[in-house]
Each structure stands twice: as structure tokens, then as C-alpha cells.
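The values are calculated or read from the model by the stated rules, or taken from the named source; none is laboratory data. Just so we're clear, the structure is a prediction, and the values are computed from it rather than from any experiment. All Cβ positions, glycine included, derive from the backbone under ideal geometry; neighbour counts span all protein chains shown. Note: areas computed on protein heavy atoms with side chains; ligands, DNA, RNA excluded. Shrake-Rupley method; radii C 1.70, N 1.55, O 1.52, S 1.80 Å.
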Amino acid sequence: MSALPQSSPHFRPMRATDLEGVVAIESDVYSHPWTLGNFRDALSAGYSCWVLESGGTLCGYGVLMMGVGEAHLLNVSVARSRQREGLGRQLLEFYLQRARELGARAVFLEVRPSNVAGRALYASSGFREIAVRRNYYPAERGREDAILMGLDL
Ligand SMILES: CC(C)(COP(=O)(O)OP(=O)(O)OC[C@H]1O[C@@H](n2cnc3c(N)ncnc32)[C@H](O)[C@@H]1OP(=O)(O)O)[C@@H](O)C(=O)NCCC(=O)NCCS
């Protein structure tokens with residue numbers, strides 16, 4: 001087997017040594033990013049944390065929390081320079097498959113109403129809008145609602 005980094009994007013579990021790179025992407029793509037501590041907590045809590053790597057470089061990641069019979073997708077992110085290449089959809093499909101394998105019958109997530117790319121990705125993958133959580137997210141001015149979306153697996 002070759003020891004060279006694979007150049008086509010592939011998934012592997014997130015490690016503590018990835019966290020600096022993950023947070024660099026996170027801080028670039030969100031106005032209110034998760035902190036390194038948030039990711040460390042997600043890893044220690046045993047959440048399903050994976051990265052998408054290409055040529056030895058991180059290009060995306062996600063975090064999935066399992067509940068009884070359902071999963072909550074807490075984070076799906078693609079590095080700005082790698083967006084619109086289909087990686088976000090790959091990440092989402094990967095996680096839907098993980099959720100199925102881990103016994104979920106439904107997946108839920110929250111998204112900001114202002115997140116046009118996220119909402120389009122989820123809607124085109126079959127997620128439906130279930131509810132609005134008022135004042136859920138911090139925002140530039142005050143708070144922003146969250147749209148709760150769900151998909152039956
Ligand atoms: C949302 C995000 C993960 C999409 O990743 P991506 O790799 O750019 O997405 P893809 O190239 O796989 O595109 C998948 C679909 O997303 C939608 N989409 C992606 N970027 C879009 C944009 N800028 N505007 C509108 N729709 C967009 C489209 O429906 C697209 O399908 P199409 O290519 O058939 O039109 C990415 O924009 C991102 O990381 N954003 C910052 C973090 C974030 O907001 N995550 C979601 C939090 S809920």
C-alpha cells in the first residue's frame with residue numbers, strides 16, 4: 001500500500017491533532033464558530049466526528065450526535081476554498097449512512113434562515129422544515145432563529 005497521501009477526498013475519524021486545522025476552517029466559514037474546546041468536548045463525548053481529507057489537507061468535517069433511534073447533525077462544514085465541488089453533499093450523505101448504521105430512524109439538524117447554501121443542500125437531500133426555534137443563534141445584532149429540519153431514514 002502506498003504511504004503517499006491520497007489526493008481524492010476521503011473520510012477518516014477526527015483526531016485531537018486535527019483540531020487546530022478544523023478550527024481554522026470553522027473560524028473562516030462561520031460568523032459564530034465552534035471553539036477548539038467545543039470540538040474537543042464532542043470528541044470526548046464520543047460523538048461521531050469525521051474529517052474529509054484530500055492530499056493530506058483537511059477540506060471538511062462533521063459532527064453527529066446519536067440519541068435513541070435518532071441522530072442530530074451538529075456540524076457540517078467545507079473549507080471555503082473547496083466549496084461548491086460536491087464535498088458538502090458527500091459529507092451529508094456519509095453522515096446519513098453513518099446514522100443509519102448506528103440505528104437512527106431519523107436525522108435532525110438546525111440551520112440559520114440566512115444560510116442559503118446550507119438550506120439548499122438539506123432541502124435538496126430531502127430534509128423538511130419541522131419548526132422554528134426562536135432566537136436560537138447568536139447573531140451580528142441580537143439573535144437569529146434556527147430552522148429545525150428533519151429527515152426520516
Ligand atoms: C453548506 C456547505 C456545507 C455546502 O458545502 P459545499 O461543498 O459547497 O456544497 P456542494 O458543492 O456539495 O453543494 C451541494 C448543494 O448545496 C447547495 N449549495 C451549496 N453552496 C451553495 C450556495 N453558495 N448557494 C446556494 N446553494 C448552494 C446546492 O443545493 C448544491 O447543490 P447543486 O450543486 O446541485 O446546486 C458549505 O457552504 C459550508 O461549509 N458552509 C459554511 C458552514 C455551514 O454553513 N454549514 C452548514 C451549517 S447548518
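Taken over the Cα atoms of the chain, the convex hull encloses 122 Å³ per residue.
Going toward the positive end of the dipole of the chain, with +1 on Lys and Arg Cβ and -1 on Asp and Glu Cβ, which of Tyr95, Gly46, Tyr122 do you reach last? Comparing the listed Cα positions along the dipole, Tyr122 ranks first. Averaging the Cα positions of each part gives two centres, and for the stretch 1-70 and the stretch 78-147 these lie 16 Å apart. Charge tally around Glu26: other residues with Cβ under 12 Å, Lys/Arg +1 each, Asp/Glu -1 each, net -2.
Give me the 1.4 Å probe accessible area per residue for the chain, excluding ligands and nucleic acids, in Å². Walk me through the numbers before you get to the answer.
Working: 8570 Å² over 153 residues.
For the chain, the solvent-accessible area averages 56 Å² per residue.
Computed 3J(HN,Hα) for the stretch 57-63, one whole-Hz value per residue from the Karplus formula 6.51 cos²θ - 1.76 cosθ + 1.60 where θ = phi - 60°, is 10, 5, 10, x, 6, x, 9, glycine and proline marked x. Report, as a whole number in µm² per second, the diffusion coefficient that Stokes-Einstein gives for the stretch 53-117 at 37 °C and 0.692 mPa s using the Kirkwood radius over alpha carbon pairs. D, rounded to a whole number, is 258 µm²/s. Measuring how big the stretch 37-85 is from its alpha-carbon positions, Rg and Dmax come out at 12.3, 36 Å.
Legend: calculated FRET efficiency, Glu140 to His10, from the Cβ-Cβ distance at R0 = 35 Å, rounded to 0.05, equals 0.45. The value for the stretch 92-153 of Rg(Cα) / (2.2 N^0.38 Å) is 1.20.
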